[in-house]
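Please find one structure pasted underneath; my questions will follow.
FYI, it's all coordinate maths here, none of it is from the lab. For clarity, every value in this text was computed on a predicted model and none was experimentally measured.
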Amino acid sequence: MARRPTPDIMALTVRERILLFCVGSGADWQRTGVTSEAVTALVVKGLVVRDALGHLVLTNSGRAAPLLPEL
């Protein structure tokens, strides 16, 4: 089976990066102004999924995605 391509950090918007941080840290992402479109984008990119209760959870790819690009 072919490996899934890893997400390019430069392809993530600021709101998507904020959402990754919030999901990973357990912060309330809705209070930060992140839109549902950003949630949908990260689900499509395979970085987050919803658990059985509907909460967002990071996937392995989401955990591996750096929040800041290397300088």
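Can you give me the orientation-averaged projected area of the convex hull built on the Cα atoms of segment 13-67, in nm²?
Mean orientational projected area (segment 13-67, Cα hull): 3.5 nm².
Per 0.36 nm of contour for each residue apart, how much would the distance between Thr13 and Thr40 grow if the chain were fully extended, relative to their Cα-Cα spacing? Don't skip to the end; give the middle numbers.
Details: separation 27, 0.36 × 27 = 9.72 nm, distance 1.27 nm.
Net length gain for the segment: 8.4 nm.
Amide H of Val48: which non-local residues (sequence gap of 5 or more, or other chain) have their own amide H closer than 5 Å, using H built in the peptide plane?
Those qualifying (amide H under 5 Å, at least 5 residues apart or on another chain) are Val43, Thr59.
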